[in-house]
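Undergrad: The structure is given below, and queries will be raised subsequently.
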Amino acid sequence: MVAVAILAAGRGTRMKSTLPKVLHQIGGRSLIERAILGSLETSPNRVLVIVGYQAEQVKTALLDPNRSLVSNSLPKLEFVEQTEQLGTGHAIQQVLPHLEGFQGDLLVLNGDVPLLRPQTLQRLIQTHKQHQHAATILTAQLSDPQGYGRVFCNGQNIVQQIIEDRDCSAAQKQNRRVNAGVYCFRWQDLANVLPELQANNDQKEYYLTDAVNLLQPAMAVDIEDEQEILGVNDREQLATAYEILQRRIKSYWMSAGVTLIDPASVTIDDTVKIQPDVVIEPQTHLRGQTAIASGCRIGPGSLIENSQIGENVTAMYSVVSNSIVGAETQIGPYAHLRGQVEVGAACRIGNFVELKNTKLGAETKAAHLSYLGDATIGEKVNIGCGTITANYDGVKKHPTKIGDRSKTGADSVLVAPIAIGQDVNIAAGSTITEDVPDDCLVIARSRQVVKPGWRLKSKE
Ligand code: UD1
Ligand code: CA
C-alpha cells in the first residue's frame, strides 16, 4: 500500500506572484500537475494534496475537467487543508487524521519539484521496501547546493541529519549532498514522530526534514540525473526547469523520428503529439493539445496550439489555434486560424487570410487577404482575393454559407446572415446583401460611369 502526499500549501513568496507558486506552468502543465502525474505512475492507493495558500484556486485548477490530469485518473485526489503555513512538517501533520490506521508507505513530494522521472520514484520505493527502513529519501550531489537542505550520512548512506541551508554553519554548507524533497516513509513510524516536531530553527517552522532526523534508520538514495530534483522557488528556477524540460521533450521527439531543424529555436509542450517524418522548421512553437500527423512541415515561424494537423500539411509563418486542418493543406505564409476552424483536405489558406469559427470543404482555396468568420464553405470553392464576410452588425454575429464550386470575386463583401448557392460566380467588388441561388453570376456594384471631357473646376 502506498499513499502519496504532495506539499502544495506554500505561497512561494520568492516567485513575487499573486498566483500560487505550484500553479505556475512549464511546458503546458503546472508544477503541481507535473508532480502529481509523476507520482501516479507508482500506482498509489491514495493521493493527498496539501493545500493552503489560495487553496480554492489550486483545487479548481486541479479539478478542471478540461485538463487530462484528474478526470480519468484513479484514485481520486483528496485535498487536505493546511490553513496556516507553518512549514513542511506542519503540512504533513495535517495528514494525520486522514491516514489514521493506514498501514503502508507514504511517498511525500514537494509540489514545486516538477522534473522527477517516474522511474526515479519507483526506484526510491523499491529501495525503501527492500531495506525496510523507517524512511528513505532522495538525495543528489550538486555542484551548486545553495538553497537546499544538506544531508549528512554515514558510510552506509544512513542519514545522520538534514540541516536546512539557512541553518547550516559555513563548514556544513560545504556538504554538496542535498535533500531533493522526495521521501518514502513507513507511515506508522512517521505518524509517531510527527507530533514531536519543534520549530527551533531560523524560519521558526516545523520541518519535515526534522522528522527524518527523528526516524531510525533513514536511508539516502542518490539520484543519477541531478537535473530531476530542481526545485522551483523563483522565476529564474522556473526558466531553468523549462529549459531542462524542453531538452527532454525535443530529444524524445527526435528519437521518435521527428526532424527539428534548429532545436534551440523551437519550443514544444509535452502535451503535444507528433508522428514520425514531421519536419519542424526554426522559430516554431507547438502548444497544448496539438497533434501533428506524419509528413507535415511546420514553420519556419509558426505557432500551433490545441490543433489537429493532418498528414503532409505545410504551415509557414502562421498561427493556428484550436483548429483542425485536413491532410495536404497548405497554410501561409502569414495565415491566422483563430479558433474553431475546420479546414478540409488539400485546401490552400494563403497570405493574410484570417479564419474564425469557419468550416472549409476539401480543395477550397482562400489564397490572399481575406477574413472569413462564422462561415460554412463547401468544397472546391475559390475565395477571391480580399473577400470579407461582414459577420458582425455591431451587436450580433451572423453566419455565411457558400455552396460547392462557387467563386467569390476579388474584394467581395458578403453581408451576413447570407447564403450563397453552389456554382455561383460573384463579380469582383460586389457587396452581397441578399441570398444567391445555385448556378448563376451575381453582380452587386454600381456600373462604371465615364464622363468625357470632365475636369475639376479649379483646373479650368
Ligand atoms: C525544502 C526542504 C529542503 C529541500 C528542498 C528541496 C524542508 C524544511 N526543506 O526546502 O531540505 O532541499 O525542499 O526542494 O522541507 N509547503 C507547504 N506548507 C508549508 C510550507 C511549504 O505545503 O507550510 C510546500 C510548498 O508549497 C512547497 C514545498 O512544501 O511545494 C516545499 O516548500 P519550500 O518552502 O519551497 O521548501 P524549501 O525551502 O525549498
Ligand atoms: Ca522549494
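Just so it is clear, none of the values below were taken in a lab; they were calculated from the coordinates. Nothing here was measured: the structure is a model prediction, and the numbers come from that model. Cβ: placed from backbone, ideal geometry, glycine included. Neighbour counts: every protein chain shown.
Undergrad: Taking Cα pairs under 8 Å and at least six residues apart, what relative contact order does segment 1-160 come out at, in percent? Spell out each step's value before the answer.
TA: Values: 210 pairs, mean separation 47.0, N = 160.
It comes to 29 percent, rounded to a whole number.
Undergrad: List, in order, the whole-Hz ³J(HN,Hα) value for each residue of segment 112-121 obtained from phi through the Karplus relation with A = 6.51, B = -1.76, C = 1.60 and θ = phi - 60°; use x for Gly and Pro.
TA: Ordered by residue, 3J(HN,Hα) equals 9, 10, x, 10, 4, 8, x, 4, 5, 5 Hz.
Undergrad: Under 25 Å Cα to Cα from Lys16, which lysines show up? Leave out anything in the same chain fewer than 8 places away.
TA: Lys59, Lys204
Undergrad: Right, here's the next one. Tell me, in nm to one decimal, what length is gained between Asp277 and Ala367 on full extension, where the rule is 0.36 nm per residue of separation less the Cα-Cα distance? Show your work: numbers first, answer last.
TA: Numbers: separation 90, 0.36 × 90 = 32.40 nm, distance 2.67 nm.
The Asp277-Ala367 span can extend by a further 29.7 nm.
Undergrad: Shifting gears a bit: Filter the cross-link list Lys359/Lys407; Lys273/Lys359; Lys365/Lys396 down to pairs whose alpha-carbon distance in this structure exceeds 19 Å.
TA: Lys273/Lys359; Lys365/Lys396
Undergrad: Collect residues whose amide H, placed 1.01 Å from N in the peptide plane, falls under 5 Å from the amide H of Arg297; neighbours closer than 5 in sequence don't count.
TA: Long-range HN contacts for Arg297: Val279, Val313, Thr314, Ala315.
Undergrad: So what is the relative contact order for segment 296-339, in percent, with contacts set as C-alpha pairs under 8 Å and at least six apart? Each step should come with its number before you reach the end.
TA: Numbers: 110 pairs, mean separation 16.1, N = 44.
This gives 37 percent for segment 296-339.
Undergrad: At most 16 other Cβ atoms within 10 Å and a DSSP loop assignment: could you name the trypsin sites (Lys or Arg not before Pro) in segment 1-67 that fit? Don't jump to the answer; show the numbers that get you there.
TA: On the way: sites: Arg11, Arg14, Lys16, Lys21, Arg29, Arg34, Arg46, Lys59, Arg67; in loops: Arg11, Lys16, Arg67.
The qualifying sites are Arg11, Lys16, Arg67.
Undergrad: To continue, here is another question. I'd like the Karplus ³J(HN,Hα) series for segment 209-220: coefficients 6.51, -1.76, 1.60, θ = phi - 60°, whole numbers in Hz, and an x wherever there's a Gly or Pro.
TA: Here the 3J(HN,Hα) series is 4, 5, 5, 4, 4, 7, 8, 10, x, 10, 10, 9 Hz.
Undergrad: If R₀ is 22 angstrom, what is the calculated FRET efficiency for the pair Leu19 and Glu81, using the beta carbon separation as r and rounding to 0.05?
TA: On the way: r = 19 Å, r/R0 = 0.87.
It comes to 0.70.
Undergrad: From the phi angles alone, apply the Karplus equation (6.51, -1.76, 1.60; θ = phi - 60°) to segment 400-415 and give each ³J(HN,Hα) in whole Hz, x where the residue is Gly or Pro.
TA: The phi angles translate into 10, 10, 10, x, 4, 6, 7, 10, 9, x, 4, 6, 8, 10, 10, 8 Hz.
Undergrad: Taking the Cα centre of the chain as the origin and placing charges on Cβ (Lys, Arg +1; Asp, Glu -1), which of Leu190, Val450, Val343 is farthest toward the positive end of the dipole?
TA: Checked the options; the winner is Val450.
Undergrad: Tell me the GluC sites (Glu not before Pro) within segment 34-124 that lie in a loop according to DSSP and have at most 16 other beta-carbon atoms within 10 Å. Let's see the in-between values first.
TA: Working: sites: Glu41, Glu56, Glu78, Glu81, Glu84, Glu100; in loops: Glu41, Glu84, Glu100.
When the GluC sites (Glu not before Pro) of segment 34-124 are filtered for loop state and at most 16 Cβ neighbours within 10 Å, Glu41, Glu84, Glu100 remain.
Undergrad: Considering Cα pairs under 8 angstrom that are at least six residues apart, work out the relative contact order of segment 175-247 and quote it in whole percent.
TA: Values: 28 pairs, mean separation 17.9, N = 73.
Value for segment 175-247: 25 percent.
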